[in-house]
């Protein structure tokens, strides 16, 4: 019997983390297990073993696979962080909304108290194929803005979440993150590891660390989301009755300009840098064909991942840094509801780079 956000009758707190090897999912597994939760970590392939964490394997695009994996389980809280990139937005909608629908259907009849869904600022910016191209709300983005008049897989995921909540009796929360940086390998959208790989390649070849994006991104204000802070936010909403059945933005809480940040990242790696100089210089072009160079670096420095394509997502970083609009996100709704978490983005970057070094992902 479900009795409200963060509480179930007669059961301990057991978290199901969906997409547990991704940037957000990995941070959730770390944070939840560190707080003493029992964690069911769901992914296609299992991650590292750790106390309090049990790995489940399933194909999120298969209702039968999900039903098999989750049949014996009874989580009290669900954290959905997975997505699958498709060629068109209609395919994104079909696949990604279907994953939410099938996952929640596999949990029907169980003691689920709360489901937290991670989405992002494409809620306000539009989908990739119309990214920041049409009329958008003014910045900073606020949660009460109406949906854009375009098809968007985030909207479809929300609709599936709300329908299941109404039918199954759990509370929900939606977490709209900006560019998320965290620890994950093989992720399709990882600016932190992408910039670390770029800086390493530049240093090893004597090239400057070139800002790849637009003049607006170089000079304008922006913000980001640390994966650890996102995990704290999702856990907070899932265990705080006042946060139930709400959508929240989640960013670090500071703002910066890339013209301020870029030299500091370059200084961390000990490499010369270049800023915006008249036009964008996309990484998909400047970093193309560097796989052999990275394999050589990995061999010389005994790195743990010799495949550059599992580290760098050039296209995604180009998309974020190439936008022609300023993107700033309001956190007032979360603050009013009691969430006080904060990260300084520069510190989030350097702590992440330190971890990459400790785990021999970069030299």
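Please arrange 301, 316 by counting, for each residue, the other beta carbons lying within 10 Å of its beta carbon, fewest first.
Numbers: 301 13, 316 20.
Ordered from fewest to most neighbouring Cβ atoms within 10 Å, 301, 316 come out as 301, 316.
How high is the relative contact order of the stretch 1-126, in percent, with contacts defined as C-alpha pairs under 8 Å that are six or more residues apart? Don't skip to the end; give the middle numbers.
On the way: 215 pairs, mean separation 36.6, N = 126.
29 percent.
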When the helix-only estimate is applied to the chain (DSSP H runs of n ≥ 4, each -39,500 (n - 2.57), divided by the residue count), what is the mean residue ellipticity at 222 nm, nearest 500 deg cm²/dmol? -11000 deg cm²/dmol
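With N denoting the number of residues in the stretch 146-217, provide Rg(C-alpha) divided by 2.2 N^0.38 Å, to two decimal places.
Working: Rg = 19.2 Å, N = 72, 2.2 N^0.38 = 11.2 Å.
Taking N as the residue count of the stretch 146-217, the ratio is 1.72.
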Between helix 258-269 and the chain: long-axis angle, C-alpha atoms, 0 to 90°, nearest 10: 80 degrees
All-pairs alpha carbon distance profile, the chain, 10 Å steps from 0, percent: 5, 24, 34, 25, 10, 2, 0
Can you give the angle from 0 to 90° between the axis of helix 23-34 and the longest principal axis of the chain, with both taken from C-alpha atoms, to the nearest 10? 60 degrees
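Would you mind ranking 333, 45, 13, 357 by Cβ crowding within 10 Å, fewest neighbours first? Could the numbers behind the result be given before it?
Values: 333 16, 45 9, 13 20, 357 12.
Going from sparsest to densest Cβ surroundings: 45, 357, 333, 13.
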Over all distinct Cα pairs, what is the inverse of the mean 1/r for the stretch 249-303, reported as the Kirkwood hydrodynamic radius in Å? 14.4 Å
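Relative contact order (percent) for the chain, with alpha-carbon contacts under 8 angstrom and 6 or more residues of separation?
Numbers: 739 pairs, mean separation 69.0, N = 363.
Answer for the chain is 19 percent.
What Kirkwood radius, in Å to one decimal, follows from the Cα pairs of the stretch 69-178?
14.8 Å
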Between helix 291-301 and the chain, what is the angle of the helix's C-alpha long axis to the longest principal axis, kept within 0 to 90° and rounded to the nearest 10? 90 degrees
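Rank the residues 123, 233, 114 as a footprinting-exposure proxy: fewest other Cβ atoms within 10 Å of their Cβ go first. Don't jump to the answer; show the numbers that get you there.
On the way: 123 22, 233 25, 114 30.
With the fewest neighbours first, 123, 233, 114 line up as 123, 233, 114.
Subtract the Cα-Cα distance of residue 64 and residue 264 from 0.36 nm times their separation in residues, and report this length gain in nm to one decimal. List each step's numbers first, then the result.
Details: separation 200, 0.36 × 200 = 72.00 nm, distance 4.87 nm.
Length gained between residue 64 and residue 264: 67.1 nm.
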Shape box of the stretch 166-205 [Cα atoms, principal axes, largest first, Å]: 58, 18, 12
According to the square roots a ≥ b ≥ c of the eigenvalues of the Cα gyration tensor, what is the shape class of the stretch 278-363, taking rounded for a/c under 1.5, prolate for a/b larger than b/c otherwise, and oblate for the remainder? oblate
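So if we plug the beta-carbon distance of residue 254 and residue 168 into 1/(1 + (r/R0)^6) with R0 = 41 Å, what FRET efficiency do we get, rounded to 0.05? Don't skip to the end; give the middle numbers.
Working: r = 38 Å, r/R0 = 0.93.
Calculated transfer efficiency: 0.60.
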Could you work out how far apart the two model spin labels at residue 74 and residue 336 are, taking each label as a point 7 Å from the Cα in the direction of the beta carbon, and quote it in nm? 3.9 nm
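Each reported figure results from applying straightforward, stated rules to the coordinates on display, with no laboratory input. Since this is a predicted model, take the numbers as computed values, not measurements. When we count neighbours, we look across all protein chains shown, and the Cβ atoms used for this are built from the backbone with ideal geometry, even at glycine.
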